[in-house]
Amino acid sequence: MSATTSSARPQVASPTAGVSENKARVVTPSLIAVYAILVVLCIVWIVPVIYTISTSFKSVQEFMTGAFNFFPAKWVGDNYMRLLESSASYPVFSWLKNSLIISIISAFLSVCVVALAGFGYSRLEFKGRDTLFFVLLLISMFPTVVNIIPQYRIVATLGWVNSYWACIIPGLGNVANIFLVRNFMKGIPKELDEAAKIDGASDFRIFRSIILPAIRPILIVIFLFSFTGAWNDFLWPTIVFNDINKMPVTAGLQLLSSQMQGYSNMGTLMASTCLAIIPTLLLFLFAQKYFLQSLNITSGLKG
């Protein structure tokens, strides 16, 4: 009897069966268009990089033939050996060391300055706080080239020409980074600050013990962006550096390209360019999750 009853009992469909079917991706024309655009952008970005790398392994004889080959007919390392042999005239490795020092110090100090400024604009109460902040935002809208001449006069007056500080100090107070940190801190409940003040904590103690741990994700992102920005900066280093041994890599590559204008030197130029992109490439490979995380940061606290 029980067996008959159980067999006659209607089968109830699993509630997750329809969900799994609905989760099947529906290919729409808009989705195809998005992927097509992404593929085109990827090709536009990656083809010059691949060509730069392949060109760095071409021989001088292949350049002299005048034939265009995307990949070298024979892969050789002569261009990299030439850079090693001419390190006195073209100190590429010194340029890389200078850029590394400038980028690391600039990124670290930028995090410190931006974190303190963001705390002041989001947490501290003083007259004219919001007005001052929006004035800074307005000033940041001006093109960077407008500030080059007065900025150079200030750097020259301080005696920082041909020094690391000429590239480090001017970029510390990035208003866009301060804006990000300020908005990030606004997502942290102020009740935490009030509870800490009741317990006798000072503003700096609140910043150090409560705010800093909460804003660590955005600070990591700012460190990475500041590092890559300092490393890739081109115009300003070519202005404030004229000592070949103190130049960062971007200014050094500009000098190298002006002195190696012959087509036969193209391989050496591409080899030096490949060496210059290695640090930022490694940084992205090891820290890509933080770059992607920056796209999802919306508030100071999760959950």
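The values are calculated or read from the model by the stated rules, or taken from the named source; none is laboratory data. Because the structure is predicted, anything quoted here is derived from the model rather than measured. No Cβ is skipped: glycine too gets one built from the backbone with ideal geometry, and neighbour counts run over all protein chains shown. Areas reflect the complete protein model, heavy atoms only, side chains present, ligands, DNA and RNA absent. Shrake-Rupley method; radii C 1.70, N 1.55, O 1.52, S 1.80 Å.
For the reader, a short list of remarks on this structure follows.
Residue-wise test of (1) at pLDDT 85 or above; (2) under 22 Å from residue 167 (Cβ atoms); (3) part of a helix (DSSP H, G or I); (4) open to solvent by 10 Å² or more (accessible area, probe 1.4 Å).
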residue: 242; (1), (2), (3), (4): yes, yes, no, yes
residue: 251; (1), (2), (3), (4): yes, yes, yes, no
residue: 255; (1), (2), (3), (4): no, yes, yes, yes
residue: 261; (1), (2), (3), (4): no, no, no, yes
residue: 271; (1), (2), (3), (4): yes, no, yes, no
residue: 285; (1), (2), (3), (4): no, no, yes, yes
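- Set 166, 156, 195: member being assigned by TED's automatic domain parsing to the domain that holds residue 98, among the hydrophobic types (A, V, I, L, M, F, W, C) and more than 30 Å from residue 241 (Cβ to Cβ): 195
- Hits in segment 159-168 (condition: open to solvent by 60 Å² or more (accessible area, probe 1.4 Å) and without any contact (Cβ under 8 Å) to a residue 40 or more places away in the chain): 165
- Residue within segment 90-101 that is in contact (Cβ under 8 Å) with a residue 12 or more places away in the chain, touching a Lys or Arg at 6+ places or on another chain (Cβ under 7 Å) and in the same structural domain as residue 252 (by TED's automatic domain parsing) present: yes
- Qualifying residue in segment 143-156 (condition: out of contact with any Leu (no Cβ under 7 Å at 6 or more places or on another chain) and within 14 Å of residue 110 (Cβ to Cβ)): no
- For residue 156, the conditions (1) in a helix (DSSP H, G or I); (2) out of contact with any Gly (no Cβ under 9 Å at 6 or more places or on another chain); (3) open to solvent by 60 Å² or more (accessible area, probe 1.4 Å) are fulfilled apart from (3).
- Only one of the listed residues (226, 272, 209) is closer than 30 Å to residue 86 by Cβ and in contact with a helix residue (DSSP H, G or I) (Cβ under 8 Å, 6 or more places away or on another chain). That residue is 272.
- Condition met for residue 132 (open to solvent by less than 60 Å² (accessible area, probe 1.4 Å) and farther than 15 Å from residue 268 by Cβ): no
- Selection from segment 141-153 of residues that are farther than 21 Å from residue 98 by Cβ, open to solvent by less than 90 Å² (accessible area, probe 1.4 Å) and either of a type in the set (A, V, I, L, M, F, W, C) or assigned to a helix (DSSP H, G or I) (or both): 146, 147, 150
- Residues satisfying the stated conditions in segment 219-246, i.e. within 21 Å of residue 281 (Cα to Cα) and in contact with a Leu (Cβ under 9 Å, 6 or more places away or on another chain): 219, 221, 222, 224, 226, 227, 228, 231, 234
- For the criterion of being part of a helix (DSSP H, G or I) and of a type in the set (Phe, Trp, Tyr), residue 75 fails.
- Here residue 212 clears all of (1) in contact (Cβ under 8 Å) with a residue 12 or more places away in the chain; (2) surrounded by fewer than 18 Cβ atoms within 10 Å (Cβ to Cβ); (3) under 19 Å from residue 251 (Cβ atoms) except the condition numbered (3).
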